[in-house]
Amino acid sequence: MLWYKVWRESSVRFLISAASIAGVCLVRVLFEHRFFPDVAHERPGVHNYIQYLYWTIFGAGGRGLLQLSCLLLGLGGLQRDRKQNTLGFTLALPIRRPRLVMTRALVGYLQVFALSLLPPFIVWTTSPLVHQSMPLSYGLNFLPFWTIGGFATFSITFLCSVLFTGEYTALAVGSVSYFFYIIVCQSVNPFRLYPLHVAEFMGGRLGNVIDANTLLWTGNSSFTLLAGFTLAAITIIAACTFITTRQDL
């Protein structure tokens, strides 16, 4: 029942996100002949279909839409129940608060994973319609980066939804905090020296796991990066659990 409740709370946001990501992928593939010249003009290194896909879906546009979706999926929880006057029902369930938090987090992770799966399969199946091709393995290589980076993004508004009662407040604070973090990682010198930029991580541009020129996978190890962002997400979720158990709701 708890899993179903959490799914119902986030299902509309998830379905809208899935439709948006699928729509972007379809448009970029089916109208590739129109978009390719513009992308090649903006990105002088774009000479083939794989490079085009990277800058329109896997490394930029589609990735950015996934990040926005993850911020939306992090909303909900006990503060939302309190705002909607359903807190009494939730707390009456024979379930401890840590389990409530962990169930929300696990459902969110599964939703991020499902959204991350969409682009590789959509692009792989529709590319032949425009006489192009992309190896499925190329798109699937992004899966751990998108899933873990997306979950780290998700955890930001997840934390805000624990701290703030209003969903709009949680979304506003979470989004501003997230984009401020992105700007700091990109612009402030001490932070630029370390692999902290989650968008660059999701695009494979940290640790040279993607070749900067060909935009193909280099085969370099990414374990440290994956472990680092996983630890960051788990730490934030653990903090959410700690805070929730001590809140006076």
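With respect to the stated conditions, T157 fails to be in a helix (DSSP H, G or I), at pLDDT 95 or above and farther than 18 Å from V29 by Cβ. Restricted to segment 11-33, and to residues that are surrounded by 14 or more Cβ atoms within 10 Å (Cβ to Cβ) and within 15 Å of the chain's Cα centre (by Cα), which residue is nearest to P128 (Cα to Cα)? By that ranking, first place goes to A22. Candidates are the residues of segment 162-194 that are at pLDDT below 90, assigned to a helix (DSSP H, G or I) and hydroxyl-bearing (S, T, Y); the one that is farthest from I243 (Cα to Cα) is S187.
Restricting attention to segment 210-235, the residues being closer than 14 Å to F142 by Cα and in contact (Cβ under 8 Å) with a residue 24 or more places away in the chain number 7.
Only residues that are of a type in the set (S, T, N, Q) and surrounded by fewer than 22 Cβ atoms within 10 Å (Cβ to Cβ): list them for segment 96-128, please.
Residues of segment 96-128 that are of a type in the set (S, T, N, Q), as a first pass: 103, 111, 116, 125-127.
Once the filter is applied, which keeps residues that are of a type in the set (S, T, N, Q) and surrounded by fewer than 22 Cβ atoms within 10 Å (Cβ to Cβ), segment 96-128 yields T103, T125, T126, S127.
Quick check: anything in segment 33-41 within 18 Å of V123 (Cα to Cα), part of a helix (DSSP H, G or I) and among the aromatic types (F, W, Y)?
First, pick out the residues of segment 33-41 that are within 18 Å of V123 (Cα to Cα): 33-36, 39.
From what's left, part of a helix (DSSP H, G or I): 33-36, 39.
Pick out the ones that are also among the aromatic types (F, W, Y) and you get 35-36.
Yes, there is a match, as at least one residue in segment 33-41 is within 18 Å of V123 (Cα to Cα), part of a helix (DSSP H, G or I) and among the aromatic types (F, W, Y).
Of the candidates T214, T241, the single residue that is in contact with a Pro (Cβ under 9 Å, 6 or more places away or on another chain) and at pLDDT 90 or above is T241.
The values are calculated or read from the model by the stated rules, or taken from the named source; none is laboratory data. Everything numeric in this text was worked out from a predicted model, so none of it was measured. In this analysis, Cβ positions are derived from the backbone assuming ideal geometry, glycine residues included, and neighbour counts consider all displayed protein chains.
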